[in-house]
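The values are calculated or read from the model by the stated rules, or taken from the named source; none is laboratory data. Quantities reported herein were computed from a predicted structural model and do not represent experimental measurements. Cβ: placed from backbone, ideal geometry, glycine included. Neighbour counts: every protein chain shown.
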Amino acid sequence: MPTLDIPRYAVLGNPIAHSRSPEIHQAFAKQFGRRIDYSRRLVPMQGFAAVIAEMRGEHFAGANVTVPFKEDAISVAARVSERARHAGAANTLTFREDGTIDADNTDGAGLIKDLTINLGRALEGASILLVGAGGAARGVVLPLAASRPARLIVCNRSPEKAAALVALLRERGGPGIDRIECAVRPLDSNSLRELGEFDLVINSTSASLGGDALDLPVSCFSKRTLAYDMVYGNGITPFLGAARAAGAAVADGLGMLVEQAAESFSVWHALRPDTAPVITTLRASLPPL
Ligand code: ATR
């Protein structure tokens, strides 16, 4: 039974049983000799606000929010960080003593840390293809643009959603956005072929979850390319398999998961954990890449 002097956190989603967030946050807390209580909560599909009200009564200190409640997480907050507002979604809630809630989004920062620090890729001046234009893409597109790539192309099965994302980018991308070559393409190999190779191809779609391949031309990839699938735990997805066959390096979203958690941890505790040992431990429990 948690006591009031041990701060309480939870990850909220539906489904939620698969979430690795409790073990990640416990591992971080241990690095600093801190005790936290961190649980999983299955939230009924229409029940997000009610669960938040309950947690407030139970003196929770914070919550991570995952699919499909990241947009709802914005609506319960009194204060929304700029990066959450831009993403249109929040994954980190902080419960204040006055009963109000702060919403933040650490997904984009998590991806950028994984790419640049763990995977050693330079984003400035790079040529990036972002595949997908749903919530996951929206969470990362502005942080990617802020890294000042030379080219940032968004392609999607439904091209109008990619166009909306690029419009958002142009509107909110800040000074310097005009220096980035941005374009929209349908997700089909014929229209992507003329774009040549990319330094980085990021799959933000949910296609890998269903084991679906993406219609990307082999010419997107070279041995200098990193193909990054934002999902993790599925081993070599069809997207990663195609990229590897074309000579590209591959990565899944495990590093992003741990880095976004580290960023949430530092929002709550003002401490920056060491992510490398946590990534190594989790990696050992997953199918190999
Ligand atoms: P998320 O929040 O995970 O991004 P989403 O908002 O439902 O989820 O978006 C899912 C993304 O995956 C979309 O870009 C979707 O393409 P559409 O906008 O055309 O629907 C993409 N997607 C899902 N399944 C796909 C598949 N089998 N092939 C290609 N793209 C797929």
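Surrounded by fewer than 19 Cβ atoms within 10 Å (Cβ to Cβ) and within 14 Å of ILE101 (Cα to Cα), is that true of GLY33? The answer is no for GLY33. Looking only at region 198-221, residues that are more than 8 Å from the ligand (Cβ to nearest atom), among the β-branched types (Val, Ile, Thr) and touching an Asp or Glu at 6+ places or on another chain (Cβ under 9 Å) come to 1 in all. For region 224-256, a residue qualifies if it is among the aliphatic types (A, V, I, L, M), buried (at least 23 other Cβ atoms within 10 Å of the Cβ) and in contact with a helix residue (DSSP H, G or I) (Cβ under 6 Å, 6 or more places away or on another chain), and the qualifying residues are ALA227, MET230, MET256. Number of residues in region 104-135 that are hydrophobic (A, V, I, L, M, F, W, C), touching a strand residue (DSSP E or B) at 6+ places or on another chain (Cβ under 9 Å) and closer than 21 Å to GLY173 by Cα: the value is 9. Of the helices (runs of 4 or more DSSP H) lying entirely inside region 51-134, the ones with 3 or more residues being among the hydrophobic types (A, V, I, L, M, F, W, C) are found at 107-113. Sort through ALA89, ALA103 and tell me the only one that's within 23 Å of ALA164 (Cβ to Cβ) and in contact with a Lys or Arg (Cβ under 6 Å, 6 or more places away or on another chain). Answer to the check: ALA89.
Condition check ((1) buried (at least 24 other Cβ atoms within 10 Å of the Cβ); (2) over 21 Å from MET230 (Cβ atoms); (3) within 17 Å of the chain's Cα centre (by Cα)) across all residues:
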| site | (1), (2), (3) |
| --- | --- |
| ASN118 | no, no, yes |
| SER127 | no, no, no |
| GLU160 | no, yes, no |
| PRO186 | no, no, no |
| ASP199 | no, no, no |
| ASP212 | no, no, no |
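Scanning region 192-238 for residues that are closer than 13 Å to VAL131 by Cβ and in a helix (DSSP H, G or I) gives LEU192, ALA207, SER208, CYS220, PRO238. Against the conditions (1) under 20 Å from the mean Cα position of the chain (by Cα); (2) part of a helix (DSSP H, G or I), ARG148 satisfies every one except (2).
A single entry from GLU181, GLU259, GLU171 fulfils the requirement of being within 30 Å of THR92 (Cβ to Cβ), surrounded by fewer than 15 Cβ atoms within 10 Å (Cβ to Cβ) and either away from the ligand (no atom under 14 Å from the Cβ) or at pLDDT 95 or above (or both): GLU171. Just one residue in the set VAL258, VAL267, VAL201, VAL250 is in contact (Cβ under 8 Å) with a residue 40 or more places away in the chain, more than 19 Å from ARG157 (Cβ to Cβ), β-branched (Val, Ile, Thr) and touching a strand residue (DSSP E or B) at 6+ places or on another chain (Cβ under 7 Å); that residue is VAL267.
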